[in-house]
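What follows is a set of notes on a single structure, which appears directly below.
What follows is calculated from the coordinates using simple rules that are stated; it is not laboratory data. This one's a predicted model, so the numbers in the text were calculated from it and none came from an experiment. Backbone-built Cβ (ideal geometry, glycine too); neighbour counts: all protein chains shown.
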Amino acid sequence: MMADLVTGFSAWLIDSPIRSARSHGSGHVKRSVGRVILRLQTADGLTGWGEAAPWAPFGNTAETALAALRHVLLPGLVGTDARRIGARMADCAGALAGHSDAKAAIEMALWDIAGKRLGAPVSELFGGLVRDSIPLSFSIADPDFDADMGRAREMFAQGHRILKIKTGFLDHAEDLRRLTVLREGLPGLDLRVDYNQGLAPYDALRKLRDVEAFAPTFIEQPVPRGQEATLAMLAAALDAPVLADESVTSPEEMLRAVREGFADAVSIKLMKSGGLIAGRAIDAIAAAAGAPSYGGTLWEGGIALAAAAHLLATLPNCTLGCEFYMPSYALVRDIVPDVLRAGGGVVQVPSGAGLGVEVDMDVLRSQAVESF
């Protein structure tokens, strides 16, 4: 048992450039992403990697995640049994409210250690794969739509058939124009629409009636978190399915979504749920209600997306694919080799022990802003 004790930790706050500008419903344009990379060590020398990729609309930043890890969560881990992952996450929940992204980083590092100890991929610890690969959805959100359309055509030619367009950061007429170009220019496209909470509740239905004419696979989070009554009205009024993202961050909120009928489908993100265990619980509730799940992301790189891929590939209910394209298509250079091997419209599930990732320490140090 002594060999399984957590004996040390390190963390790096990094800033990673992205290939093209991104604008979502909030209107903020991003050109780089801040993340926290975590390394845990055990008494017998095993190392587990985790990643926190916070997003300000959820109330956290990379800086707050680093502070939560440094001052509260990680000191309480030292000397505890790394095998007891559920107990460790209960400890984290009791030590600090919120900070789901920092807690997710700890949990994935613990699963990485557990898989390495057993010589098995994390997916096997969650019951085994139901799919070897996950359909890949690519999101476009560049304020320069011509550049975005060029990327979309290029990816379509490479075999990608799922595309999600970020709407609500431009005016409604421009959103409709972009949807028209996509529908006419890419026949057979599986088209999804994501407002990132960008619509005002009072006129959301009027605008979404127009969007519905483009037959989207789903419309994601059209109104802000806190407006679930409007979200339920939209889900009842629209023919297009409504997918909840910011409105469902926990199993308890998924249960509320089922009871109140404000979600036809749900986005599972480790950063908002706080880890794989809670993500699986959200999916189980959604599955019982007949609501399929989708693998969403914030700004994660290869470590966190490998963890999410291991989980989602074990969930029969996760039938809407995932958007795990950051390492392959968005980051200028990630700190891990591209273990997801995104291409041809799918993401591959890593097959190595644990999360199946190896960190390039030179790249990590080159992007580091702060560390301990």
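By the gyration tensor of its Cα atoms, with a ≥ b ≥ c the square roots of the eigenvalues, what is the shape of the range 218-372: rounded for a/c under 1.5, prolate for a/b over b/c, or oblate?
prolate
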Bins of 5 Å from zero: percent of alpha-carbon pairs in the range 151-241: 3, 14, 27, 24, 16, 9, 5, 2, 0
Helix 85-95 vs. the chain, principal-axis angle (Cα, 0 to 90°, nearest 10): 80 degrees
DSSP beta bridge pairing in the chain, given as percent antiparallel to the nearest 5: 55 percent
In sequence order, calculated HN-Hα J values of the range 205-216 (Karplus, 6.51, -1.76, 1.60; Hz; x Gly/Pro): 4, 4, 5, 6, 4, 5, 5, 4, 5, 8, 6, x
Cα convex hull volume per residue for the range 132-191 (Å³): 80 Å³
Structure-based [θ]222 nm, the chain - -39500 (n - 2.57) summed over DSSP H runs of at least 4, per residue, nearest 500: -10500 deg cm²/dmol
Whole-Å semi-axes of the chain's equivalent ellipsoid (Cα gyration tensor): 34, 22, 19
Amide H contacts under 5 Å for Arg192, placed H, 5+ residues apart: Leu163, Lys164, Ile165, Thr217
On Cα atoms only, tilt of 302-312 relative to the major axis of the chain in degrees: 80 degrees
Alpha carbon centroid spacing (whole Å) that separates the range 231-284 from the range 285-312: 12 Å
Placed amide H near Val346: partners under 5 Å, 5+ positions off or other chain: Leu136
Listed residue (Ser16, Pro251, Met108) projecting farthest to the positive dipole end of the chain, Cβ model: Met108
The range 76-198: radius of gyration over Cα atoms, expressed as a fraction of 2.2 N^0.38 Å: 1.54
Within-12-Å neighbourhood charge of Ile282 [Cβ basis; K, R +1; D, E -1]: 0
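Dipole size in debye (nearest 20) for the chain around its Cα centre, Lys and Arg Cβ +1, Asp and Glu Cβ -1?
200 debye
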Top positive-direction residue, dipole computed over the chain with Cβ charges, set Gln367, Ala240, Tyr195: Gln367
Estimated translational D of the range 1-155 in µm²/s (Stokes, Kirkwood radius over Cα pairs; 37 °C; 0.692 mPa s): 187 µm²/s
Fluctuation leader among Met361, Met155, Met326 - the chain, Gaussian network, Cα springs under 10 angstrom: Met361
Approximate shape of the range 298-354 as ellipsoid semi-axes (Cα gyration tensor, √5λ), whole Å, largest first: 18, 13, 10
Reachable lysines, given that their alpha-carbon falls under 25 Å from the alpha-carbon of Lys30 and they are not under 8 places away in the same chain: Lys103, Lys164, Lys166, Lys269, Lys272
Between the range 38-71 and the range 161-213, the alpha-carbon center distance in angstrom: 35 Å
